[in-house]
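Okay, structure first, notes after.
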Amino acid sequence: MADNVFLEKQARKIRYLTVREIGTLGVGHIGGCLSIAELLSVLYFDKMNIDPANPKKAERDRLVISKAHAGPALYAALSMRGYFDEAELWTLNKPNTCLPSHCDMKRTVGVDMTAGSLGQGISCGVGMALASRLRGYDAYVYAIVGDGESQEGQVWEAAMAASHFGLDNFIVFLDYNRLQIDGFTDDIMSTGDPAARWGAFGFDTQEVDGHDVSAISQAIGRAKRVKGKPSMLILHTVKGKGVSFIEAAGATNHNMILTPEQMETALAEINEAAGCELS
C-alpha cells in the first residue's frame, strides 16, 4: 500500500500538470479535472493492477472516465505513470494531438474506453466488468461519473444491469461536487440523495471525502471485500479544488479560459500548497 504523503504529492502533481495542460491551450474543462486529482492518485499509484510497459494486458484493471471532459486530469496521471512522455501534455486538443479534450481509446495509450456523450461511459464499464468476469480475470473495472451526468437515464439503466449481474468487480465513483455546466444540480434537475438512490439500485454505497487519499484508499479496500453486488463511492468534492480563484468561479469553471497570467498564479498556488516546486 502506498504511503499517504506520497499519494498526496502525486495528487498535487496531477493538479499542476493539468493546469499547465489547459493553460497551454488557453481553455478547458478545468473544474471537473481538479476535483478528481486525489482519486486518480489513489487509483494509478496504489490500487490499479496495470503495466505501462504492457498497456493492453488483457487481465489488467480498467478505468472508464464516463465524465469524459475530465480527460486532461487522466492524461496527467498517465504521463506520470510512464504511458507517454510528459511533453505530449502540452499538445492537448491541438491539431494532430493524441490527447483530445475528451477521452479516446484509439488515440491515447492507457485510455481504456472512449467516452464523451454523458451516460454512455458507465454502460461500457458494465460490459467490461461482465466480460472480465466471464473470462475469469481477477480484475476490477472502475468508472467515474459526474453528478450532472447522473441526470441521464442511461446511467440508471447501467446501474440496473450492474446490480442484476451482481458485478462485485465494478466500482463506481460519483464526483459529487453538486455543480454542472449551468449551475447547481439541485436547481437544474435534482438527483436526490445519491446514497439512497444508488442503494435502491442494488449498489453497496459509501460516502467519502473525495480529497482525502487515505479515506478513498480505505473505501476502495472495503468495496473490494463486498461480494455479490457492485459498489458506489460517493466522493464529496469541490469543483476546481486546489486553486482558489478556480474554486470561486463555481459553475463557470466547468469550461473556462485560463490566461497565461492565471496559469502562473494557479501553478504558484499549487506549489505553495505542496511546499515545493512540482515542475
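The values are calculated or read from the model by the stated rules, or taken from the named source; none is laboratory data. If you're wondering where the values come from, they're calculated on a predicted model, not measured in any experiment. Using ideal geometry, Cβ is built from the backbone for each residue, glycine included, and neighbour counts are taken over all protein chains shown. Heads up: the accessible areas ignore ligands, DNA and RNA and are worked out on the full protein's heavy atoms, side chains in. Shrake-Rupley method; radii C 1.70, N 1.55, O 1.52, S 1.80 Å.
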All but one of (1) over 26 Å from residue 126 (Cα atoms); (2) of a type outside the set (D, E, K, R); (3) out of contact with any strand residue (DSSP E or B) (no Cβ under 8 Å at 6 or more places or on another chain); (4) open to solvent by less than 10 Å² (accessible area, probe 1.4 Å) hold for residue 25, so report the exception by its number. (4)
All conditions in (1) in a helix (DSSP H, G or I); (2) more than 20 Å from residue 242 (Cα to Cα); (3) open to solvent by less than 10 Å² (accessible area, probe 1.4 Å) are true of residue 64 except (1)
For a quick check of your reading of the model, give me the residue pairs whose first member lies in segment 194-205 and is closer than 16 Å to residue 219 by Cα, whose second is buried (at least 16 other Cβ atoms within 10 Å of the Cβ) and of a type in the set (Phe, Trp, Tyr), with beta-carbon atoms closer than 8 Å and at least 6 apart or on different chains. 205/198
Return the residue satisfying two criteria in turn: it lies in segment 37-55 and is assigned to a loop (DSSP other than H, G, I, E, B) and more than 18 Å from residue 85 (Cα to Cα), and of such residues it is most open to solvent (accessible area, probe 1.4 Å). 49
Going through segment 71-92 in order, the residues found to be touching a strand residue (DSSP E or B) at 6+ places or on another chain (Cβ under 7 Å) and either of a type in the set (Gly, Ala, Ser) or open to solvent by 10 Å² or more (accessible area, probe 1.4 Å) (or both) are 71
Looking at segment 122-171, which of its residues are under 15 Å from the mean Cα position of the chain (by Cα) and over 22 Å from residue 47 (Cβ atoms)? 147, 148, 149, 150
Within segment 220-244, the residues that are over 22 Å from residue 10 (Cα atoms), open to solvent by less than 60 Å² (accessible area, probe 1.4 Å) and not in a loop (DSSP other than H, G, I, E, B) are 223, 224, 231, 232
One residue from 95, 100 being touching a Leu at 6+ places or on another chain (Cβ under 9 Å), open to solvent by 10 Å² or more (accessible area, probe 1.4 Å) and farther than 23 Å from residue 219 by Cβ: 100
